[in-house]
Amino acid sequence: MRGGRAALVVVLGIVVLLVAGCGSGGDGASDADVGRATTVSHKFGTTTIEGTPQRVVAASSQWVDALLELGIQPVAYLSAGDSGDDRGLYPWEQGMSTDAVELDRAAMRSAGAALPAEQIAALEPDLILGAWQIADQSMFDRLAALAPTIGPLGDAQVDSWQDQLTVLGRVFGVEDRAAQIVQESNDAVSSLASRLPGLHGRTAVLAQFLVDAQQIVVVADPDDGASAVFESLGLSLPAPLVAEAGATGGRLTLSPERVDALDADLLVMLPNGGTEADLLALPGFAQLPSVEQGGLAVVDYPTVVGFNTPSSSSIAYSLERITPQLEKLGAA
């Protein structure tokens, strides 16, 4: 199995090596930019970008990942805060230039999670990329007054990372490279699914246990980013969870007494504020099918983010961390 995990890392790691030289922040528009314009449709309408942007502000981790995978350096980014490293970066984002500026999360908290428009304006961007952080039309309009702005690409809670790469490929004139990254990442996941046929038809759940609050939060949305990753491996959400979540936005908040709701073959779980011992101390947890069958993966926060708001590079990172459990469940 150790050899299988190494092969997976090598194959999935290919996509993050595609970071050669189309970085933002160059000397200005080239001759090829003259008269070139790209129009992008998104949740708040359409945005037209003239030429090739040189100063990009990325206000979501998925957009950060897509830029870095294409070799494009943003001038500013929305960091992971305390959940990342000393620059607020996730482990798969280490290609970020040291010149890039972190957006002010403290200002966002004081403004009710709104993006720090004044700080962004001072950066003189020529493209702003956002997702759920652009919460409404008024926030979008405020940012769009500063620079061409692309909001969430659709109505789903999490944009398709493939769609984001495709959009950036058009904007920066690197469509072939974007398509190559998508294809190689999809092929790598398909290869893993083919190697582990026993995953097909099994169930998977992504959840966290908030130790201080004594609450279990379960992702129960078939359209969530994590669900899409698991589905590509032949896994699905347990039907009772989906039915129970109903119109709650695909998230269930449960008391520890509802450990039974975590009934799945694969359980990827974050003990938020605690350890695996806190999970096993919950009545009934040790008797869950995932625990008894070797399908429990106790993970850290970046791994959860890598699944929940996926990109090509974050999927590679997060899948590598649950490969032992996948192999246990999926070996023919």
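The values are calculated or read from the model by the stated rules, or taken from the named source; none is laboratory data. All values reported here derive from a predicted model rather than from experimental measurement. Positions of Cβ are generated from backbone atoms using ideal geometry, with glycine treated the same way; all protein chains shown enter the neighbour counts.
Data overview
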{"quantity": "Residue within the stretch 140-155 that is part of a loop (DSSP other than H, G, I, E, B) and either within 30 Å of LEU280 (Cα to Cα) or touching a Lys or Arg at 6+ places or on another chain (Cβ under 6 Å) (or both) present", "calculated": "yes"}
{"quantity": "Test: residue in the stretch 225-246 that is free of Cβ contacts under 8 Å to residues at least 24 places away in the same chain, among the polar types (S, T, N, Q) and either crowded, with 21+ Cβ neighbours inside 10 Å or touching a helix residue (DSSP H, G or I) at 6+ places or on another chain (Cβ under 9 Å) (or both)", "calculated": "yes"}
{"quantity": "Filter result for GLY169 (assigned to a helix (DSSP H, G or I) and of a type outside the set (Asp, Glu))", "calculated": "yes"}
{"quantity": "Leading residue by the ranking (nearest to SER232 (Cα to Cα)) among those in the stretch 120-173 that are crowded, with 18+ Cβ neighbours inside 10 Å and among the acidic types (Asp, Glu)", "calculated": "ASP159"}
{"quantity": "Residues of the stretch 27-53 that turn out to be of a type in the set (Gly, Ala, Ser), in a loop (DSSP other than H, G, I, E, B) and at pLDDT 95 or above, as a count", "calculated": "1"}
{"quantity": "The stretch 254-290 - residue that is acidic (Asp, Glu) and assigned to a helix (DSSP H, G or I) and, of those, farthest from GLU327 (Cα to Cα)", "calculated": "GLU257"}
{"quantity": "Residue within the stretch 101-109 that is part of a helix (DSSP H, G or I), buried (at least 18 other Cβ atoms within 10 Å of the Cβ) and out of contact with any helix residue (DSSP H, G or I) (no Cβ under 9 Å at 6 or more places or on another chain) present", "calculated": "yes"}
{"quantity": "The stretch 214-253: number of residues that are assigned to a strand (DSSP E or B) and closer than 27 Å to GLY274 by Cα", "calculated": "8"}
{"quantity": "Any hit, the stretch 154-167, residues being closer than 16 Å to ASP65 by Cβ, modelled with pLDDT under 95 and hydroxyl-bearing (Ser, Thr, Tyr)", "calculated": "yes"}
{"quantity": "Pair list, Cβ < 6 Å and 6+ apart or interchain, from the stretch 180-194 residues that are of a type in the set (S, T, N, Q) to residues that are part of a helix (DSSP H, G or I)", "calculated": "SER185/VAL15; SER185/SER312"}
{"quantity": "Condition check for VAL304: closer than 30 Å to LEU165 by Cα, out of contact with any Pro (no Cβ under 7 Å at 6 or more places or on another chain) and not acidic (Asp, Glu)", "calculated": "yes"}
{"quantity": "Residue check, SER185 surrounded by fewer than 22 Cβ atoms within 10 Å (Cβ to Cβ) and either touching a Cys at 6+ places or on another chain (Cβ under 9 Å) or not assigned by TED's automatic domain parsing to the domain that holds ALA80 (or both)", "calculated": "no"}
{"quantity": "Hits in the stretch 280-290 - residues which are surrounded by fewer than 16 Cβ atoms within 10 Å (Cβ to Cβ) and either under 29 Å from the mean Cα position of the chain (by Cα) or outside the structural domain of GLN215 (by TED's automatic domain parsing) (or both)", "calculated": "LEU280"}
{"quantity": "The stretch 291-323 - residue that is among the acidic types (Asp, Glu) and assigned to a helix (DSSP H, G or I) and, of those, surrounded by the fewest Cβ atoms within 10 Å (Cβ to Cβ)", "calculated": "GLU292"}
